[in-house]
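The values are calculated or read from the model by the stated rules, or taken from the named source; none is laboratory data. The structure presented is a predicted model; accordingly, all values stated were derived computationally and were not measured. For neighbour counting, all protein chains shown are included, and Cβ atoms are generated from backbone atoms with ideal geometry for every residue, glycine included.
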Amino acid sequence: MSALGDRGPLLIVGGGIAGAYLAALLGSRGQQVMVFDSRRDPRADDGVGGRSINLAIAERGLAALRRIGLVETVESLAVVMHGRVVHDADRSGVSGMQPYGNLPDEVLWSVDRTAFTCALLDAAEATGNVQTYFRQRCRDIDFDLGLATFADGAQQDLWHQVPFGTVFGADGVASIVRAEVLAVNGGSVRREMLSHRYIEIEIPATTSGGFQIAANGLHIWPRNEFMLIGLPNPTGDFTATLFLEAKGPAPSFEAISAPAEISAFFEEYFPSVVELVPDIVEQYLDAPLGRLGTIRTTGWSYEDRAVLVGDSAHGIVPFHGQGMNLALESASALVDAIESHDDDLAPAFCAFEADRRDDADAIADMAIQNYVEMRDKVNDPDYLLKRQLALRLSDELPAFFRPRYNLVMFSSMPYADAFARGDAQDALLAELVAGCASLDNVDMGTAHERVRALGPLVTRPG
Ligand SMILES: Cc1cc2nc3c(=O)[nH]c(=O)nc-3n(C[C@H](O)[C@H](O)[C@H](O)COP(=O)(O)OP(=O)(O)OC[C@H]3O[C@@H](n4cnc5c(N)ncnc54)[C@H](O)[C@@H]3O)c2cc1C
């Protein structure tokens, strides 16, 4: 048995969201930790800033942050979102707010990614036990010698080696640590890439720094086969993301490349956005094209020497706004596993994967399903009727019914349980609304009886 730190230094590769959070948690337990990240220190005032990119943080992320006392700090950096603002889904120019739920805490927070990472890094360093090193790209890991090799800053041919006892791989979807771990433990990784890709576009603030569109919502312009979404930033601007087929006939990124084609595309499908973004063509041309995919890994650890956490273990597509929430919840679960195994790392790491893998797979599947819901279903009458009934049932029978979306976003019910419960509830809703034109036609007596028969909702203890 080897306890945390007995073998030698604890190294976290990747000081993004999962790595910085894990460092804060381990540091607050008194563990000495070194964090290495390939990027510059996001807190450095070197004028290399950039556009805001934001993330929706939900209950699972907040629960993880409660553990390090960071919720209020993060909420102060964020804009609260009460629901979806769906824009002219039927191209009639009409928009509407669909609240996320009936409860006051059924809200999401749109937080700037850089500001959030900085807050996590500050929290980690404030423990007094965490050292951070930036512009250090991990190149390889030698488990026999217990050495990790890092390339140094801009001079990638300059490298040095750092001895370690245990390495935590928080280095994201293209993880080097994952490759090294899988090379020695016989595990596997599967990448399932979507044919859709994305670009980010800024919807600027007004000249006085206010919001051009409703501040407290997640805006969606659904167009069936593609969509645009926008999340607010505290600075009055929105970060909008266009998700679209990469290749093939228009509309696709491949087919829309000349300024006239771009202009015609936005004028046809997103005329209200063109009014908000005068330089939309230039932004489209400048934006890097991002990839979208799911990473499913088996074999998250190697003995007591290494374990993967965050996107390196389980990358998911962004349509449920859960990748970071999953990463934070997993990092928290990893420390729980270490604690419940009295710091005996090898069994703790195995238990961690056994506890989390089904959940990671479940949210990966739900995230893909949510893409279809967001771009295609939010204006469908059957979908809207089922949603109205779902909200009414969750209001009237809160112990027995909550929409799956709300179980994922606003509870800590294990993802796999939320997935299964959601399927059962959805089948029931479909039966209850069959042949009904409106909620008035639904037999609520039968609905209550059938919902109760599903049994009470069970959330994670504690
Ligand atoms: C368009 C988009 C929108 C998203 N929106 C949301 C959202 O609204 N809500 C949500 O919950 N999730 C969202 N996500 C998912 C979220 O961004 C990720 O799940 C989250 O960032 C994972 O955190 P991580 O720390 O595991 O990985 P990352 O955030 O990718 O951090 C990895 C870190 O490792 C460093 N690194 C990489 N390689 C090396 C190396 N070789 N050596 C040293 N350091 C290295 C990187 O510099 C980085 O700092 C979104 C993702 C995308 C693509």
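Pairs only if they're at least six apart or on different chains, beta carbon under 7 angstrom, first in the range 315-333 and without any contact (Cβ under 8 Å) to a residue 24 or more places away in the chain, second surrounded by fewer than 24 Cβ atoms within 10 Å (Cβ to Cβ); list them, first residue then second.
Taking only residues 6 or more apart or on different chains, the pairs are Ala333/Asp355; Ala333/Arg356.
Restricting to the range 218-253, what's the tally of residues that are closer than 19 Å to Leu276 by Cα and small (Gly, Ala, Ser)?
We begin by selecting, within the range 218-253, every residue closer than 19 Å to Leu276 by Cα; these are 218-223, 227-243.
Checking the rest, the ones that are also small (Gly, Ala, Ser) come to 230, 236, 240.
Going through the range 218-253 one residue at a time, the tally reaches 3.
In the range 54-67, which residues are without any contact (Cβ under 8 Å) to a residue 60 or more places away in the chain and more than 15 Å from the ligand (Cβ to nearest atom)?
Arg66
So, in the range 284-322, of the ones that are surrounded by fewer than 22 Cβ atoms within 10 Å (Cβ to Cβ) and assigned to a helix (DSSP H, G or I), which residue ends up farthest from the ligand (Cβ to nearest atom)?
Of everything passing the filter in the range 284-322, Leu285 is farthest from the ligand (Cβ to nearest atom).
In the range 429-462, what residues are closer than 23 Å to Phe410 by Cα, of a type in the set (Val, Ile, Thr) and assigned to a loop (DSSP other than H, G, I, E, B)?
Val458, Thr459
Filter the range 156-193 down to residues that are of a type in the set (A, V, I, L, M), assigned to a strand (DSSP E or B) and within 21 Å of the chain's Cα centre (by Cα), then give me how many there are.
2
Regarding Leu391, is this residue assigned to a helix (DSSP H, G or I), hydrophobic (A, V, I, L, M, F, W, C), without any contact (Cβ under 8 Å) to a residue 60 or more places away in the chain and surrounded by fewer than 22 Cβ atoms within 10 Å (Cβ to Cβ)?
no
Of the residues Arg387, Arg392, Arg375, only one is in contact with a strand residue (DSSP E or B) (Cβ under 6 Å, 6 or more places away or on another chain) and either outside the structural domain of Ala64 (by TED's automatic domain parsing) or under 22 Å from Leu103 (Cβ atoms) (or both); which? Before you say what the answer is, go through the steps one by one.
Details: Arg387 fails: in contact with a strand residue (DSSP E or B) (Cβ under 6 Å, 6 or more places away or on another chain); Arg392 fails: in contact with a strand residue (DSSP E or B) (Cβ under 6 Å, 6 or more places away or on another chain).
Just a single option satisfies the conditions, and that option is Arg375.
Count, please, the residues in the range 389-425 that happen to be at pLDDT 95 or above, touching a Pro at 6+ places or on another chain (Cβ under 9 Å) and not hydrophobic (A, V, I, L, M, F, W, C).
Total satisfying the criteria: 2.
For residues that are surrounded by 20 or more Cβ atoms within 10 Å (Cβ to Cβ) and outside any helix (DSSP H, G or I), tally how many sit in the range 394-410.
The number of residues fulfilling the criteria is 3.
Return yes or no: is Met366 within 16 Å of the ligand (Cβ to nearest atom) and either surrounded by fewer than 20 Cβ atoms within 10 Å (Cβ to Cβ) or not assigned by TED's automatic domain parsing to the domain that holds Arg29 (or both)?
Judged against the criteria, Met366 is not a match.
If a residue has to be in a loop (DSSP other than H, G, I, E, B) and under 17 Å from Val281 (Cα atoms) to count, how many in the range 229-260 make the cut?
The qualifying residues number 9.
Looking only at residues that are assigned to a strand (DSSP E or B) and within 14 Å of Arg7 (Cβ to Cβ) in the range 142-155, which one is nearest to the ligand (Cβ to nearest atom)?
Ala148
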